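Working notes, beginning with the structure itself.
The values are calculated or read from the model by the stated rules, or taken from the named source; none is laboratory data. Small disclaimer: the values here were computed from a predicted structure and weren't measured. Every residue, glycine among them, receives a Cβ derived from its backbone with ideal geometry; neighbour counts consider all protein chains shown.
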Amino acid sequence: MGEGSDLNAKQNNDIIDSIFNNTLSKSNIFKDRNVLRNEYIPDNIQFRNAQMTSIAQITAPLLIGHKPSNILLYGKTGTGKTVVTKFVLKRLQERASNVGNQLDFAYVNARNASTEYRILVELASTLNIQLPFTGLSISEAFSRILQTIKEKKRMVVFTIDEIDFLVRNFEANILYELTRANENLPAPSFISLIGISNDLQFKEALDPRTLSSLNEEEIVFTPYTVEELQQILTQRAKLAFNENAINQSAINLCAALAGAEHGDARRAVDLLRVAAELAEREGASIIEDVHVRSATKSIEQDRVFEATRSLPLHAKIVLYTISRANEWPSTGSIYSQYSQFCKRLGIEQLTQRRISSILNELDTFGLISAPVISQGRLGRSKKIHLIALVDTVIAGLKEDNVIRQIIN
DNA sequence: CCTCCACTGGAAACCTAGGCTC
DNA sequence: GAGCCTAGGTTTCCAGTGGAGG
């Protein structure tokens, strides 16, 4: 280590210190960041009184230890389903413990949990049951849970968010089991279900018996209008930012951009948060339209980067192959180039059938577009191209040590 | 109207990691 | 520790298909 690097070290420290100092010194913009987090539940939820009233009415019997009807909540993403549910259940929980009524509230997001088994593990953990990560059959896991509920006379309210995901992927066996569970549970214990669905058509895919049980009550969440989004954001901004740290036009822009996508309040709030962070980072004292516009880009890039980075190895190789290809390659040509890369890496290649499925997966992630096109005599195949920004995808791929070997 | 390409995508078999029982 | 079981990923097999060119 020479004197030069000492100097460098000193400079680095200065930079880091100044970043920390900036954060520690009172922010120009933020008063309370938490208000803009996804998990934040406002004290005052706007434009959802009807839905709140319904859920409260339906779940009220819990207070006197009766099983309420199962509820199904519908509405697109960011229409307040999750927030409203959590809000009402939180209040319910407080009241229940006031009157000395022991209720268990389990919440699971089916998309995050991703398999039936993991959903049961989530449910089990709120009941303080330890289930191993693997090795148990679903029915075994399920009967252990039921056993505990029975023995300890528990009253369980089980909220399954993004329940449509469950139905699409697993034909909803455990949903069926869950809806029937009460037949085998002696009073006073029961499982009451609250399903939350983003997909309005998912009922059609559901087994009619399960549906009729799950759907005892149905509550619909309509998208927010742009004006409603504006008011929601204005309210949040008041709590989150210092006075005059944002101008109305930036708020309106967030509302308009999110409104263009079916009135998604979550997206609107995300935009607001990221715009504020960008403004803060560049030392601005007011959040303006420019920051909102950069926020849309930044959010999309983060999404692509994260999605790419967390892909399994072979999906990454396929994605890299696509990013290198010009024109609109077909499954066959992608497969042969993919095989080349596998050979270079000394990895066993997967079959074309599997690659075809991986292409579909990448398509649903929104990283590529791969519609099936028929070209007459030239056969029928996918026409593939990258939709995500190449640079962002490559940056995500470079995080992987194996893939880095083929990115020169 | 028929053919025939280059696949698609369903179904079932197979493989592997890991837990369970005895 | 052997032998069994399951979930989840993959392979194997194959009938099915939209449409340009005949």
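Assorted remarks:
- Helices (runs of 4 or more DSSP H) completely within region A:178-272 that count 1 or more residues being closer than 16 Å to residue A:76 by Cβ, β-branched (Val, Ile, Thr) and within 23 Å of the chain's Cα centre (by Cα): A:226-240
- Members of region A:326-354 found to be hydrophobic (A, V, I, L, M, F, W, C) and part of a helix (DSSP H, G or I), listed by number: A:334, A:341, A:342, A:345
- In region A:330-367, the residues that are loosely packed, with under 15 Cβ neighbours inside 10 Å, β-branched (Val, Ile, Thr) and more than 9 Å from DNA strand C (Cβ to nearest atom): A:347, A:364
- Matching residues, region A:123-153, being within 27 Å of residue A:39 (Cα to Cα) and buried (at least 19 other Cβ atoms within 10 Å of the Cβ): A:123, A:131
- Each residue in region A:344-381 was checked for being more than 10 Å from DNA strand B (Cβ to nearest atom) and within 25 Å of residue A:111 (Cα to Cα), and 9 of them qualify.
- Test: residue in region A:297-313 that is within 16 Å of DNA strand B (Cβ to nearest atom) and either in contact (Cβ under 8 Å) with a residue 40 or more places away in the chain or assigned to a helix (DSSP H, G or I) (or both): yes
- From the list A:77, A:82, A:115, A:126, the one residue that fits, being of a type in the set (S, T, N, Q), in contact with a Lys or Arg (Cβ under 8 Å, 6 or more places away or on another chain) and assigned by TED's automatic domain parsing to the domain that holds residue A:151, is A:77.
- Flag for residue A:235 being modelled with pLDDT of 90 or more and touching a helix residue (DSSP H, G or I) at 6+ places or on another chain (Cβ under 8 Å): no
- Any hit, region A:20-29, residues being surrounded by 15 or more Cβ atoms within 10 Å (Cβ to Cβ), out of contact with any strand residue (DSSP E or B) (no Cβ under 6 Å at 6 or more places or on another chain) and at pLDDT 90 or above: no
- Of the residues making up region A:93-116, those that are modelled with pLDDT under 80 and within 16 Å of DNA strand C (Cβ to nearest atom) are A:111, A:112, A:113, A:114, A:115, A:116.
- Screening residue A:401 on (1) surrounded by fewer than 12 Cβ atoms within 10 Å (Cβ to Cβ); (2) within 16 Å of DNA strand B (Cβ to nearest atom); (3) under 28 Å from the mean Cα position of the chain (by Cα) shows it passes everything except condition (2).
- For region A:368-393, a residue qualifies if it is part of a strand (DSSP E or B) and away from DNA strand C (no atom under 16 Å from the Cβ), and the qualifying residues are A:368, A:369, A:385, A:386.
- Options A:100, A:78; residue that is outside any helix (DSSP H, G or I), without any contact (Cβ under 8 Å) to a residue 24 or more places away in the chain and out of contact with any Ser or Thr (no Cβ under 9 Å at 6 or more places or on another chain): A:100
- Within region A:386-396, the residues that satisfy the criterion of being in contact with a Ser or Thr (Cβ under 6 Å, 6 or more places away or on another chain) and surrounded by 15 or more Cβ atoms within 10 Å (Cβ to Cβ) are A:386, A:393, A:396.
- Of the residues making up region A:67-84, those that are farther than 17 Å from residue A:213 by Cβ and not hydrophobic (A, V, I, L, M, F, W, C) number 8.
- Within region A:107-159, considering residues that are in a loop (DSSP other than H, G, I, E, B) and of a type in the set (Lys, Arg), the one farthest from residue A:214 (Cα to Cα): A:152
- Residue match in region A:119-129 (condition: within 20 Å of residue A:86 (Cα to Cα), more than 13 Å from DNA strand B (Cβ to nearest atom) and touching a Leu at 6+ places or on another chain (Cβ under 6 Å)): no
- Evaluating residue A:323 against the criteria (1) more than 11 Å from DNA strand C (Cβ to nearest atom); (2) of a type in the set (S, T, N, Q); (3) touching a helix residue (DSSP H, G or I) at 6+ places or on another chain (Cβ under 6 Å); (4) assigned to a loop (DSSP other than H, G, I, E, B) leaves one unmet condition, (4).
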